[in-house]
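The values are calculated or read from the model by the stated rules, or taken from the named source; none is laboratory data. Keep in mind that this is a model prediction, so the values were computed, not measured. Backbone-built Cβ (ideal geometry, glycine too); neighbour counts: all protein chains shown.
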Protein chains: 2
Amino acid sequence: MDAKRLTSIGGVVLALWLSGVAVAQEARMPYVRIAELEIDPARLDAYKASVKEEMEASVRVEPGVLAIYAVAEKDHPTKVRFFEVYADEAAYNSHRESPHFKKYVETTKDMIKSRKLIETVPIQLSDKKK
Amino acid sequence: MDAKRLTSIGGVVLALWLSGVAVAQEARMPYVRIAELEIDPARLDAYKASVKEEMEASVRVEPGVLAIYAVAEKDHPTKVRFFEVYADEAAYNSHRESPHFKKYVETTKDMIKSRKLIETVPIQLSDKKK
């Protein structure tokens, strides 16, 4: 085998290795979704109780649910926003089939006035390690 | 001191203790802000590079910056959303005075087409401990 051929094989090996690194890095980025809900003011406390229970169970029981954060807009307490971090899209789909999620949907279906779901592509997720 | 008076003092002590517990629990809830930015499409890569550097520095250097998450809307890649978690409001104000934040503001001021800042009240922040 001559030097030129060896260099060429080396180039292919390097390219494969680099593409493997790129795929691995991309695979590490979680799947993030945002939801914006408006809640019936008369049912706000009941809604919060139900969603807190569902969030706690999801993060505790489901390996692919990394985080669910729920906040209300300070100036509009019935507008609730979610920032949800899943290991990947499959983990999100599995979450929607979980018994605790289905119970939440059934319990709160008449409490929610509007719902906007936003699929996202993470740019960077920076946090302190706990 | 009679039994009635003792009971009354006990009640006051218990009430003070319970209010202390309530304050401590409230104090543990972080301060969360949301930002929605629209970036000039021609400057999107430069904007992302600048904000990633600023986010990384903020979380690494500032004790009160717990997390900054940046995502783009999948259907509108120039619409960037931030979910920011601070130890408290003072940590947020201190962050805005940091040299890395000021550098980011200066670098990106002509790249940002619109900006909406939303103050929030956390309902629940559930995540897996790292």
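Among the residues of the range B:27-63, those identified as over 19 Å from residue B:77 (Cβ atoms), of a type in the set (Gly, Ala, Ser) and at pLDDT 95 or above are B:57, B:58.
Residues in the range B:91-104 that are part of a helix (DSSP H, G or I) and in contact (Cβ under 8 Å) with a residue 40 or more places away in the chain: B:91, B:92, B:100, B:101, B:103, B:104.
Restricting attention to the range A:97-120, the residues being under 17 Å from residue B:75 (Cα atoms) and surrounded by 14 or more Cβ atoms within 10 Å (Cβ to Cβ) number 3.
Taking the residues in the range B:58-90 that are in a helix (DSSP H, G or I), more than 9 Å from chain A (Cβ to nearest Cβ) and of a type outside the set (Val, Ile, Thr) as candidates, determine which candidate is farthest from residue A:122 (Cα to Cα).
Applying the first criterion (in a helix (DSSP H, G or I)) to the range B:58-90 yields B:58-61, B:89-90.
From what's left, more than 9 Å from chain A (Cβ to nearest Cβ): B:61, B:89-90.
Retained after the next criterion (residues that are of a type outside the set (Val, Ile, Thr)): B:89-90.
On the way: B:89: 25, B:90: 27 Å.
Among those that are in a helix (DSSP H, G or I), more than 9 Å from chain A (Cβ to nearest Cβ) and of a type outside the set (Val, Ile, Thr), it is B:90.
Residues in the range A:105-130 that are more than 7 Å from chain B (Cβ to nearest Cβ) and either touching a Phe, Trp or Tyr at 6+ places or on another chain (Cβ under 6 Å) or assigned to a strand (DSSP E or B) (or both): A:108, A:111, A:112, A:113, A:114, A:115, A:116, A:117.
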